[in-house]
Amino acid sequence: MATIPKALRDYLDQTGEISLFAMRFFREAFHRPFEFKELLRQCYVIGYNSVFLVITTGFIMGLVLTLQIRPTMIDFGAVSYMPQLVSIAIVREIGPVVTALICAGKIGSSIGAELGSMKVTEQIDAMEVSGTNPFKYLVVTRIWACILMLPLLVIAADAIGLFGSFLVETTKGEVSMRLYFNRVFDSLLFGDLIPATVKTFFFGFAIGLVGCYKGYNSTKGTEGVGHAANSAVVLASLLLFVVDFLAVLVADIFYEI
């Protein structure tokens, strides 16, 4: 009888453990007590402290995308369609995915390292002994904060990215701000905005879930903290692409119907 390779067995084990971890989150996320103060603090830590990095990335993203595409559009005589092309590309796909990857690196590693450090120093065990539910206080609040904050960060990155694109267009093509953004909003439909916004909630859930899972189950002393932070980034980034593919697939089926 053939045996399952160790790599595949480890992958299946981890998939099952993450699934159980997610089920536990859903069981405890909607039951009292609600840790509102900790949730607000995590929203500040995750959201506000990531704004500068996100808007800087979004601004550069808009600049580079426009500079790269503009020469090709000139060759085809379609440079007047630059606002429409850039806006659809940023809002539908580039903005959400790039922002989510940036947040996976910053937020996912931070959560993994923080909870991993608490795990190896037995702070989580001390919370259980004192009668506090560490899962609700540490995990549920962080996952909810990621779910709530990531869409706002994506919207900010999209807006700044479009502004960066406008700066290139107004410098090279002498396009006014009013004309540029009129074309942007004329080209965007609710069918572009709604799926792109909805999937960012799932991006936030994936980042928070993986970061909390890796940190909460960290082992092997201080070495485990570094491993938890590193593996949280890698696994969250991979999961983001899977979620994005499924979201695009569902949206495509919805459009056909």
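Annotations
- Number of residues in segment 186-217 that are touching a helix residue (DSSP H, G or I) at 6+ places or on another chain (Cβ under 8 Å) and under 29 Å from residue 78 (Cα atoms) equals 9.
- Of the residues 253, 160, 207, 194, the single one that is over 22 Å from the mean Cα position of the chain (by Cα) and either crowded, with 23+ Cβ neighbours inside 10 Å or in a helix (DSSP H, G or I) (or both) is 253.
- Selected residue (criterion: surrounded by the fewest Cβ atoms within 10 Å (Cβ to Cβ)) from residues of segment 11-40 that are without any contact (Cβ under 8 Å) to a residue 60 or more places away in the chain and among the basic types (Lys, Arg): 32
- With respect to being crowded, with 19+ Cβ neighbours inside 10 Å, touching a Leu at 6+ places or on another chain (Cβ under 9 Å) and of a type outside the set (A, V, I, L, M, F, W, C), residue 108 fits the description.
- Any chance residue 223 is among the acidic types (Asp, Glu), without any contact (Cβ under 8 Å) to a residue 24 or more places away in the chain, out of contact with any Asp or Glu (no Cβ under 9 Å at 6 or more places or on another chain) and at positive phi: no
- Number of residues in segment 56-97 that are within 17 Å of the chain's Cα centre (by Cα) and within 21 Å of residue 188 (Cα to Cα) equals 10.
Let's see how each residue does on (1) assigned to a helix (DSSP H, G or I); (2) at pLDDT 80 or above; (3) not aliphatic (A, V, I, L, M):
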| site | (1), (2), (3) |
| --- | --- |
| 9 | yes, no, yes |
| 15 | yes, yes, yes |
| 18 | yes, yes, no |
| 21 | yes, yes, yes |
| 24 | yes, yes, yes |
| 28 | yes, yes, yes |
| 33 | no, no, yes |
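The values are calculated or read from the model by the stated rules, or taken from the named source; none is laboratory data. Everything numeric here is computed off the predicted structure, so don't read it as measured data. Cβ atoms come from the backbone with ideal geometry, glycine included; neighbour counts cover every protein chain shown.
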